[in-house]
1. Would you check which residues across the range 134-147 are open to solvent by 10 Å² or more (accessible area, probe 1.4 Å), of a type outside the set (Lys, Arg) and in contact (Cβ under 8 Å) with a residue 40 or more places away in the chain and list them?
2. Would you call Gly127 in a helix (DSSP H, G or I), surrounded by fewer than 18 Cβ atoms within 10 Å (Cβ to Cβ) and of a type in the set (Gly, Ala, Ser)?
3. Any chance you could count how many residues in the range 71-114 are more than 23 Å from Gly153 (Cβ to Cβ) and out of contact with any helix residue (DSSP H, G or I) (no Cβ under 6 Å at 6 or more places or on another chain)?
Amino acid sequence: MAKRWLIATALLLVLSGCGEDEKAEPATVPVPATTTTEPVAAGRTATAQAAPATSTAPAAPRTTAARKASEKSGGVSGFVAVVQDELPEVAVDHRDEELAGLAQQACSALVAGKDAGAVVAGTERFGTGEADAHRLIKLAITTVCPDQDRRLGEF
């Protein structure tokens, strides 16, 4: 019996010393890449590889100059960026694809000549209030369908 205790004690001493090497460093684990899907022309989607995350700090808010550059570059991605900047309470509840679809829907309704009330109602079905619906439609006009800028005053 004493021999078993001696062996058990020796094993405990040997094993307790594991992992205390002063030169040991923690393992570096890579952050997995994420993908995003962004609608493009004719209903097709393009998948882009996002850069791996390197920090847990929140992204800095977009500057006015950056927002204006997005508006000028236009398109659906410009719309999504501006909504995220100017209406974060709306953007937080919806995926980028949903926001893009909203802009495309609003622009399609405007091009079809629908009255302002119908366009606003369609936007409100997205889950926004009337004031946010008006702002979203204005943003869609300035970024996605600037050819409808003559209708800005309706919203």
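1. To start, the set of residues in the range 134-147 that are open to solvent by 10 Å² or more (accessible area, probe 1.4 Å) comprises 134-135, 138-139, 142, 144, 146-147.
Narrowing further to those that are of a type outside the set (Lys, Arg): 134, 139, 142, 144, 146-147.
Leu139, Thr142, Val144, Pro146, listed by residue number.
2. Numbers: in a helix (DSSP H, G or I): no; surrounded by fewer than 18 Cβ atoms within 10 Å (Cβ to Cβ): yes; of a type in the set (Gly, Ala, Ser): yes.
Answer is no for this residue.
3. From the range 71-114, those more than 23 Å from Gly153 (Cβ to Cβ) are 73, 75-77, 80-81, 84-85, 88-89, 91-101; that's our starting set.
Then keep just the ones that are out of contact with any helix residue (DSSP H, G or I) (no Cβ under 6 Å at 6 or more places or on another chain); that gives 73, 75, 77, 88-89, 92-95, 97-98, 101.
Going through the range 71-114 one residue at a time, the tally reaches 12.
The values are calculated or read from the model by the stated rules, or taken from the named source; none is laboratory data. The shown structure was predicted, so the numbers you read here are calculated from the model rather than taken from an experiment. A quick note on method: Cβ atoms are made from the backbone with ideal geometry, for glycine too, and the neighbour counts reach across all protein chains shown. For the accessible areas, the whole protein counts, side chains as well, though only heavy atoms, and no ligand, DNA or RNA atoms are used. Shrake-Rupley method; radii C 1.70, N 1.55, O 1.52, S 1.80 Å.
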